[in-house]
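Data first, discussion second: the structure below is written as structure tokens.
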Amino acid sequence: MSIAHDCGIQSTSHRYFMPLAFTLVIVASASAQRPPSDTGFANRRATRLADSLLALMTLEEKLGQLTQTPAGFGQTGPTVDAGGEQMVRDGKLGSFLNLYGADVTRRMQRIAVEESRLHIPLILGFDVIHGMRTIFPVPLATAGSFDSSAAARAARIAAVEATAMGVHWTFAPMVDIARDARWGRIVEGAGEDPYLGSVMAAAQVRGFQGDNLRAPTSVLATMKHFAAYGGAEAGRDYNVVSVSERDLWNVYLPPFHAAVRAGVGAVMPSFNEINGTPSHANDWLLTDVLRKYWHFGGMVVSDWSAIMELMQHGLGDSVTVATRALHAGVDMEMSSALYRNKLATEVRAGRVPKSLVDSAVVHILRVKAALGLFDDPYRGSSTERERANILTAEHRKAAREIAREAIVLLTNRTVGGAPALPLRRDLRSLAVIGALAVDSASALGAWHGIGRKEDAVTVLDGLRRALPNVAISYAAGVPLDTVRVEGPVSTPGITEAEQLARSADAIILVLGETGDMSGEAASRTSVELPGAQLQLAQAVVRAARASNPTKVVIAVLMNGRPLAVQWLADSTSALVESWHLGVEHGNALADILLGDYAPSGKLPVSVPRVTGQLPIYYNHKNTGRPPSEREKWNSKYIDAPWTPLFPFGHGLSYTTFGYTNLRLSRSTLRGSDSVTLTVDLTNTGKRAGTEVAQLYLRDDAASVTRPVRELRGFHRVTLQPGQSETVSFRLGPDDFAFYDRDMRRVVEPGGFTVWVGESSAATLEGHFTVTGGVTVLAPAPPRFR
Ligand code: BGC
């Protein structure tokens, strides 16, 4: 008989619980104080279950539910030591992170549900960021597909694999907007744009959680890091964030709100402070905005030891910070254990209200119920399911398809009368140069779940498979361990690379960053090519051109952040951004380089020319002195252009596209109305291809300054040569709105400009006017405290 059954709740799924020696009491407890939820976690069944259990729990058991501890790592995978097991048995632990594998998770769960007093199941979390074992492109790369179904598909497969291994919960998606590429965690998110970020956030939540969270293949998703973590000063990880309230709402919060609307079940606050308040102590953020304003009904888990770190932030001693975090709205503490160790005394002394602990417990129990853990705590995980579901041919196929969509063709010059790419198949010889070309670990990218480097197809492997009849030679040039070394390196490897460059028919230079050069705690002061790679590239290009001025030299980038590669852009025959594409990196890249798939990826970030341009983003403000090359006294630099090397949204294909005939369904409208824009998109080249048609909007004059343009829609369209399609975009009040001086969300009357085209530099423009008065879509949200 299950707890659910004892509570009078019908369930058709497995019965596993030991018979309970007592009757659960249905109590009408704190639920009245809890905010309403629109995310489905506060449904009647889950609430009754949570409330009933709450009535039976000791204070220690409650604090145990609020505690998440990391599993240890043994030779064969994660382990739990005897102390951890005993805590589960004693009801002093509600969750593990980093515990996966059907055997070990089932064993721990069995202890929780059979040997602990109240039989409450554990919830097991793991960072499944871009794949469990089948590793997909890093999230930044997938964002560049501008294909939400690709993002959802990768997340779905990751969920299928993770749940087979007993994982219930992922700490993804990361939805932090990042405008400064020095910040290593830019790789984990969707880049610089709130609109694209919101679309990708919602898609990943849907992919992870599926249609039904109770399904054994669904994982609970976590939106993180709430909030503005990407705004770290100087791009230095964990650094302070100073941001205006208006920018917070306009730029940083929209992807979080999108994830909440998509039903995300968990939230992780950010390590950083915002304007003086660390997020883990920020009741405005975690309660006023998240719970009360957005009606979030799931649970809030701290970041790793972040409650303890509130002491380093300078908020006080361990008791003070534990109390602050609980007050603010952090339900579960990851890694550190101040809740468990410090709060009991405080509650008993009446210094911390019991109701605060209770409502955190209820949030967690409701999520456990929503996952179906009270009906089947194992959620069907098994070694058989692991074998059948992990790294399948079908999953690899999906990884290759998604990776192809993510690759961005940045330049493609005409060399000897033909575009450098796709490569000619009748080459006799090809030289692949650069240590990253054989670095399978880097293909996986940062945060790669349980991905193994031996699963990954390297660039060299991919090309050898695709071109069995071409003599492919390889030279590292500069060894991988000097990729990190700054400054010129003299190495015999460069001489070897030059020799290959002279003798081969064409050259592929693979350059960039190793997988661990981006991600957490991997900020860089420079976003130029690290180490001696530029020196290598220059030597190779020089040698190749000396042997044959029309020799094709393709540069392929592998990296987790945009890199300032002006020289490569100017000097190579073609430049390809491949990011870190996961297990199918080499195959997907070969598909693109050989033209089996025409590139369709676009940049989800602006690419700077030099590091000093950072932060750089397309949706900037105009200033009173907009940059112009015509005269001196305006907002630019004296030593570099102010424009990016490549704009947000840029990406070429092997065909060309033309945009014509922009029409608007109306030229004047009220603030509450919508307008439809249509444009004719034509494949003007000689082969089929897919274009991401993008729509940008500007509010020409408003009571507060507005960005020069903002993405407000996109469509992926596949066209045969000569084929045209009419693409339409509908814009409504939400697209026109912004936060005014009183922080109301409004549409103001006046002129708007729209651009439709291939990137944020699109030039085909149209205009419309909003007439009438100010339309208030929403009163001011809770004001920042
Ligand atoms: C990261 C989180 C991650 C957590 C658990 C932290 O260091 O900031 O993003 O989910 O560790 O691994």
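The values are calculated or read from the model by the stated rules, or taken from the named source; none is laboratory data. Model, not experiment: these values are computed from the prediction. All Cβ positions, even for glycine, are placed from backbone atoms using ideal geometry, and neighbour counts span all protein chains on display. Areas reflect the complete protein model, heavy atoms only, side chains present, ligands, DNA and RNA absent. Shrake-Rupley method; radii C 1.70, N 1.55, O 1.52, S 1.80 Å.
Please find, within the range 125-147, the residue that is most open to solvent (accessible area, probe 1.4 Å) out of those that are under 19 Å from L391 (Cβ atoms) and more than 16 Å from the ligand (Cβ to nearest atom). So, considering only residues that are under 19 Å from L391 (Cβ atoms) and more than 16 Å from the ligand (Cβ to nearest atom), the one most open to solvent (accessible area, probe 1.4 Å) is R133.
Tell me, please, whether a residue that is open to solvent by 20 Å² or more (accessible area, probe 1.4 Å) and assigned to a loop (DSSP other than H, G, I, E, B) can be found in the range 503-514. Looking for residues that are open to solvent by 20 Å² or more (accessible area, probe 1.4 Å) and assigned to a loop (DSSP other than H, G, I, E, B), one finds at least one in the range 503-514, hence yes. The sole residue among A164, A172, A178 that is more than 16 Å from the ligand (Cβ to nearest atom) and out of contact with any Leu (no Cβ under 6 Å at 6 or more places or on another chain) is A164. Residue selection: R666 satisfies the criterion of being basic (K, R) and over 29 Å from the mean Cα position of the chain (by Cα).
Taking the criterion of being within 16 Å of the ligand (Cβ to nearest atom) and part of a loop (DSSP other than H, G, I, E, B), the residues of the range 190-225 that qualify are A190, V219, A221. Scanning the range 148-162 for any residue that is part of a loop (DSSP other than H, G, I, E, B) and either of a type in the set (S, T, Y) or open to solvent by 10 Å² or more (accessible area, probe 1.4 Å) (or both) turns up nothing.
The C-beta contact set for the range 301-330 (first residue of a type in the set (K, R), second residue within 16 Å of the ligand (Cβ to nearest atom) and not in a loop (DSSP other than H, G, I, E, B), distance under 9 angstrom, 6+ apart or interchain) comprises R324/P278; R324/H280; R324/L310. Go through (1) surrounded by fewer than 19 Cβ atoms within 10 Å (Cβ to Cβ); (2) among the polar types (S, T, N, Q); (3) within 17 Å of G586 (Cβ to Cβ) for T458 and report which single condition fails. Here T458 meets the rest and fails (1). Within the range 321-330, the presence of a residue that is more than 16 Å from the ligand (Cβ to nearest atom) and over 34 Å from the mean Cα position of the chain (by Cα) is excluded. For the range 722-733, indicate whether the set of residues that are on the phi > 0 side of the Ramachandran plot and in contact (Cβ under 8 Å) with a residue 60 or more places away in the chain is non-empty. No, the range 722-733 contains no residue that is on the phi > 0 side of the Ramachandran plot and in contact (Cβ under 8 Å) with a residue 60 or more places away in the chain. Could you list, in sequence order, all residues of the range 62-104 that are open to solvent by 20 Å² or more (accessible area, probe 1.4 Å), small (G, A, S) and away from the ligand (no atom under 16 Å from the Cβ)? G74, A82, G83, listed by residue number.
Filter the strands (runs of 3 or more DSSP E) completely within the range 408-475 down to those with at least 3 residues that are among the aliphatic types (A, V, I, L, M) and touching a Gly at 6+ places or on another chain (Cβ under 9 Å). Break it down into steps so the answer makes sense when it comes.
Working: elements: 408-412, 429-433, 471-475.
Strands (runs of 3 or more DSSP E) meeting the threshold: 408-412.
Residues of the range 529-571 that are part of a loop (DSSP other than H, G, I, E, B), open to solvent by less than 60 Å² (accessible area, probe 1.4 Å) and touching a residue at least 12 places away in the same chain (Cβ under 8 Å): L529, P530, G531, A532, K551, N559, G560, R561, P562, L563, A564, V565.
Could you list all residues from the range 232-249 that are more than 15 Å from the ligand (Cβ to nearest atom), open to solvent by 20 Å² or more (accessible area, probe 1.4 Å), of a type outside the set (D, E) and farther than 13 Å from T277 by Cα? Scanning the range 232-249 gives A234, S244, R246. Using the structure shown, decide if A151 is at pLDDT 95 or above, away from the ligand (no atom under 14 Å from the Cβ), under 25 Å from A456 (Cα atoms) and in contact with a strand residue (DSSP E or B) (Cβ under 9 Å, 6 or more places away or on another chain). Criteria not met by A151.
Among the residues of the range 262-287, which ones are of a type outside the set (S, T, Y), assigned to a helix (DSSP H, G or I) and touching a Phe, Trp or Tyr at 6+ places or on another chain (Cβ under 9 Å)?
Kept after step one, since they are of a type outside the set (S, T, Y), are these residues of the range 262-287: 262-269, 271-276, 278, 280-286.
Going one step further and asking which of them are assigned to a helix (DSSP H, G or I), we end up with 280-281, 283-286.
The answer is H280, W284, L285, L286.
Being open to solvent by less than 20 Å² (accessible area, probe 1.4 Å) and more than 29 Å from A443 (Cβ to Cβ), is that true of even one residue in the range 214-227? Scanning the range 214-227, I find at least one residue that is open to solvent by less than 20 Å² (accessible area, probe 1.4 Å) and more than 29 Å from A443 (Cβ to Cβ), so the answer is yes. Of all residues in the range 273-302 being surrounded by fewer than 24 Cβ atoms within 10 Å (Cβ to Cβ) and either hydroxyl-bearing (S, T, Y) or under 18 Å from the mean Cα position of the chain (by Cα) (or both), which is farthest from L213 (Cα to Cα)? That would be T277.
Checked against the criterion of being among the β-branched types (V, I, T), more than 26 Å from R706 (Cα to Cα) and touching a residue at least 60 places away in the same chain (Cβ under 8 Å), the range 583-590 has at least one qualifying residue.
Looking only at residues in the range 272-318 that are farther than 21 Å from K342 by Cα and among the aromatic types (F, W, Y), the one that is farthest from the ligand (Cβ to nearest atom) is Y293. Being open to solvent by less than 50 Å² (accessible area, probe 1.4 Å), of a type in the set (K, R) and touching a residue at least 40 places away in the same chain (Cβ under 8 Å), is that true of even one residue in the range 598-605? Looking through the range 598-605, at least one residue is open to solvent by less than 50 Å² (accessible area, probe 1.4 Å), of a type in the set (K, R) and touching a residue at least 40 places away in the same chain (Cβ under 8 Å). Within the set L652, L664, L645, L614, the sole residue that is open to solvent by 60 Å² or more (accessible area, probe 1.4 Å), among the hydrophobic types (A, V, I, L, M, F, W, C) and in contact (Cβ under 8 Å) with a residue 24 or more places away in the chain turns out to be L652.
Out of all the residues in the range 410-419, is one or more under 29 Å from the mean Cα position of the chain (by Cα) and not hydroxyl-bearing (S, T, Y)? Reasoning before the result, please.
Our first condition is that a residue be under 29 Å from the mean Cα position of the chain (by Cα); within the range 410-419, this holds for 410-412.
Now narrow it down to the ones that are not hydroxyl-bearing (S, T, Y): 410, 412.
Yes.
Quick check on the range 601-610. Is at least one of its residues in contact with a helix residue (DSSP H, G or I) (Cβ under 8 Å, 6 or more places away or on another chain), over 22 Å from P194 (Cβ atoms) and assigned to a loop (DSSP other than H, G, I, E, B)? Outline the logic, then answer.
Here is the first cut: in the range 601-610, the residues in contact with a helix residue (DSSP H, G or I) (Cβ under 8 Å, 6 or more places away or on another chain) are 601, 604-605, 609-610.
Subset that is over 22 Å from P194 (Cβ atoms): 609-610.
When the remaining residues are screened for being assigned to a loop (DSSP other than H, G, I, E, B), the result is 609-610.
Yes, the range 601-610 has at least one match.
Scanning the range 308-346 for residues that are within 19 Å of A71 (Cα to Cα) and either modelled with pLDDT under 95 or touching a Lys or Arg at 6+ places or on another chain (Cβ under 9 Å) (or both) yields E333, R340.
S628: open to solvent by 30 Å² or more (accessible area, probe 1.4 Å) and among the hydroxyl-bearing types (S, T, Y), yes or no? The answer is no for S628.
Could we say that A259 is small (G, A, S), under 22 Å from R712 (Cβ atoms) and in a helix (DSSP H, G or I) here? Judged against the criteria, A259 is a match. One residue stands out among those in the range 336-368 that are without any contact (Cβ under 8 Å) to a residue 40 or more places away in the chain and not in a helix (DSSP H, G or I): the one that is most open to solvent (accessible area, probe 1.4 Å), which is R351.
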